[in-house]
Amino acid sequence: MSVSRGGFSSRLGFIMAAAGSAVGLGNIWGFPTQTASNGGAAFVLVYLVLAFSLAYPAFMAELLIGRYGQANAVSSMQKMSRNLWQKRFAFFVGFGGIICAALILSFYGILAGWMMSYAIEPIARLIGLTEVSTWLTSQSIARNLVFSALFMMLTIAIIRRGVEDGIEKWSKRLMPMLIGLLILLIIYVFTLEGAKEGFEAYLNPDISRIFEPDLLISALGQAFFSLSLGTSVMIIYGSYISKSENLVTLGAQVTLIDVSIAFLAGLLIIPAMYVAQAQGVAIFAEDGSLISGPNLVFDILPTLFNGMGAVGIFVAFGFFVLMSIAALTSSISMLEGPVSFVVERHNVERKKATTLIGLGILAMSSLIVLNFDLLFGLVISISTVYGQPLIAMFCCVFVGWIWHRSEILAEIKQGNESVENSLFWKIWPWYTKLVCPLAIGAVFIHSL
């Protein structure tokens with residue numbers, strides 16, 4: 001590994017950084033919302049199965065591309081190519097993932113800014129700044145611009161410091177904080193009236209629902225997107241892993257952490273919804289559908305916190321700090337993809353590249369804020385509904401159909417000499433070649 005590129009100094013550093021990338025608002029906000037909208041425990045059961053049967057194999061494909069290439073997403077994939085059309089295809093897939101990451105970060109920064117403003121609001125209320133408190137939770141252009149900029153500055157500050165001193169160091173700090181806050185909030189919600197009913201809804205599956213087509217497709221999509229696939233992130237993180245590490249084990253550990261935190265998030269938010277319902281807040285419509293949907297975090301939970309009295313101020317602060325941390329651990333990975341490409345392909349100094357790209361993405365965020373109704377949903381659709389599944393599918397195609405099997409085996413064996421005789425190697429190559437592209441394609445077609 002080139003010293004100038006930097007790299008993760010330890011296995012724990014990579015696990016925390018990769019898990020931090022995977023664990024974001026999609027896990028702590030999206031997963032519980034999907035669960036509540038798709039049959040509760042039945043959705044959780046299907047999600048857990050699909051996370052390891054689909055997301056993990058695709059995740060391994062991206063990690064392997066990165067560690068083999070020891071470079072940014074484009075250069076890594078082009079090193080696997082043997083002729084001109086393969087190199088062009090590699091550029092399309094690698095650069096497409098980089099663009100996808102930048103687009104996601106442009107709207108993700110806005111959402112993260114909301115989380116930060118909601119985290120500060122209880123403090124403003126506690127010290128009697130009523131007008132500031134109202135402004136912090138209002139949908140105004142000024143608030144959105146200020147907090148999007150604040151969040152992007154935090155992200156830029158971490159990435160400017162590089163892999164070991166920036167990404168790794170802050171992931172090691174933020175991830176334990178996130179997990180600790182999550183567990184404390186779960187314990188507190190468990191003591192409230194109505195929580196027991198929520199836990200039962202979350203943990204007692206209706207087996208008859210697990211084969212419903214919409215539930216299967218939704219769970220498939222959630223399992224897939226929760227691991228940051230299709231954004232070049234895991235390719236670049238893979239390139240920072242030591243050749244002596246066992247990628248099969250590392251990939252499984254990151255997947256397990258990601259799934260576990262999504263599960264814990266549901267263990268917090270689903271019971272919290274039922275607690276709010278016990279306090280008179282309408283959660284479900286007559287047909288059983290979720291009333292608030294994606295706005296659950298901003299509509300129902302603040303009402304729940306307000307109903308807790310004085311302690312609700314501290315619970316609200318803890319919850320939205322948790323959401324802000326989850327957003328930050330993901331945003332630093334999304335910025336690293338474009339930065340690594342510019343640094344390595346165009347020889348731009350890291351701090352300069354990070355600042356310029358970060359400010360460019362902030363400009364995109366500002367444009368979205370100023371044209372919110374027109375652009376917000378459009379950018380989300382282009383990047384997550386169309387971009388991510390296509391790029392991840394092409395990565396699986398690249399590994400399954402273009403990269404020689406003997407070279408893949410040699411790369412995995414560098415950290416796992418006995419892998420050739422393992423169950424992983426007997427299943428994963430053909431699974432990635434055939435099953436993953438077809439399954440991801442099914443998600444994509446359904447999304448259309």
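Of all the numbered requirements in (1) assigned to a loop (DSSP other than H, G, I, E, B); (2) closer than 26 Å to Leu328 by Cβ, Ala223 misses one, and that requirement is (1).
Residues are listed down the side, and each one gets a yes or a no for (1) buried (at least 19 other Cβ atoms within 10 Å of the Cβ); (2) under 25 Å from the mean Cα position of the chain (by Cα); (3) at pLDDT below 90:
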| residue | (1), (2), (3) |
| --- | --- |
| Phe147 | yes, yes, no |
| Phe151 | yes, yes, no |
| Ile158 | yes, yes, no |
| Ser171 | yes, yes, yes |
| Pro176 | no, yes, yes |
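Residue count for the stretch 125-139 under the criterion of being surrounded by 12 or more Cβ atoms within 10 Å (Cβ to Cβ) and either at pLDDT 95 or above or more than 15 Å from Phe314 (Cα to Cα) (or both): the result is 6.
Applying the criterion of being among the small types (Gly, Ala, Ser) and touching a residue at least 12 places away in the same chain (Cβ under 8 Å) to the residues of the stretch 379-409, the residue that is nearest to Lys243 (Cα to Cα) is Gly400.
Is there a residue being at pLDDT below 90 and under 17 Å from Gly266 (Cβ atoms) anywhere in the stretch 229-243? No, there is no match, as no residue in the stretch 229-243 is at pLDDT below 90 and under 17 Å from Gly266 (Cβ atoms). How many residues does the stretch 296-316 hold that are under 22 Å from the mean Cα position of the chain (by Cα) and either within 20 Å of Ile104 (Cβ to Cβ) or surrounded by fewer than 20 Cβ atoms within 10 Å (Cβ to Cβ) (or both)? Looking only at that region, the number is 2. Screening the stretch 1-97 for helices (runs of 4 or more DSSP H) wholly inside it with 1 or more residues that are of a type outside the set (Asp, Glu) and touching a Leu at 6+ places or on another chain (Cβ under 6 Å) returns the ranges 11-22, 31-37, 41-50, 56-69.
The single condition among (1) hydrophobic (A, V, I, L, M, F, W, C); (2) buried (at least 20 other Cβ atoms within 10 Å of the Cβ); (3) closer than 29 Å to Met152 by Cα that Leu374 does not satisfy is (2). Restricting attention to the stretch 77-111, the residues being within 16 Å of Val233 (Cβ to Cβ) and not aromatic (Phe, Trp, Tyr) number 15.
Filtered by the rule that a residue be of a type in the set (Ser, Thr, Tyr) and more than 22 Å from Ala149 (Cβ to Cβ), the stretch 314-363 gives a lone residue, Ser340.
Between Ile368, Ile380, Ile391, the distinction of being modelled with pLDDT of 95 or more, assigned to a helix (DSSP H, G or I), at negative phi and not polar (S, T, N, Q) belongs to Ile368 only.
Determine which member of the set Ala219, Ala252 is surrounded by fewer than 24 Cβ atoms within 10 Å (Cβ to Cβ) and small (Gly, Ala, Ser). Let's see the steps before the verdict.
Values: Ala219 fails: surrounded by fewer than 24 Cβ atoms within 10 Å (Cβ to Cβ).
The match here is Ala252.
Selection over the stretch 40-75 of residues that are more than 17 Å from Met393 (Cα to Cα) and either of a type outside the set (Gly, Ala, Ser) or surrounded by 24 or more Cβ atoms within 10 Å (Cβ to Cβ) (or both) gives a count of 11.
For every residue, the table says whether it meets (1) surrounded by 20 or more Cβ atoms within 10 Å (Cβ to Cβ); (2) within 23 Å of Ser21 (Cβ to Cβ); (3) not basic (Lys, Arg).
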{"position": "Ile332", "(1), (2), (3)": "yes, yes, yes"}
{"position": "Leu356", "(1), (2), (3)": "no, yes, yes"}
{"position": "Leu359", "(1), (2), (3)": "no, yes, yes"}
{"position": "Leu362", "(1), (2), (3)": "yes, yes, yes"}
{"position": "Val369", "(1), (2), (3)": "yes, no, yes"}
{"position": "Ile380", "(1), (2), (3)": "no, yes, yes"}
{"position": "Tyr386", "(1), (2), (3)": "no, yes, yes"}
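Of all residues in the stretch 272-295, those being crowded, with 17+ Cβ neighbours inside 10 Å and at pLDDT below 70 number 2. Do we find that Asp214 is among the acidic types (Asp, Glu), crowded, with 17+ Cβ neighbours inside 10 Å and either in contact with a helix residue (DSSP H, G or I) (Cβ under 8 Å, 6 or more places away or on another chain) or not in a loop (DSSP other than H, G, I, E, B) (or both) in this structure? In short, no.
The values are calculated or read from the model by the stated rules, or taken from the named source; none is laboratory data. Please read all numbers here as calculations on a predicted model, not as lab measurements. We place every Cβ from the backbone using ideal geometry, glycine too, and count neighbours over all the protein chains shown.
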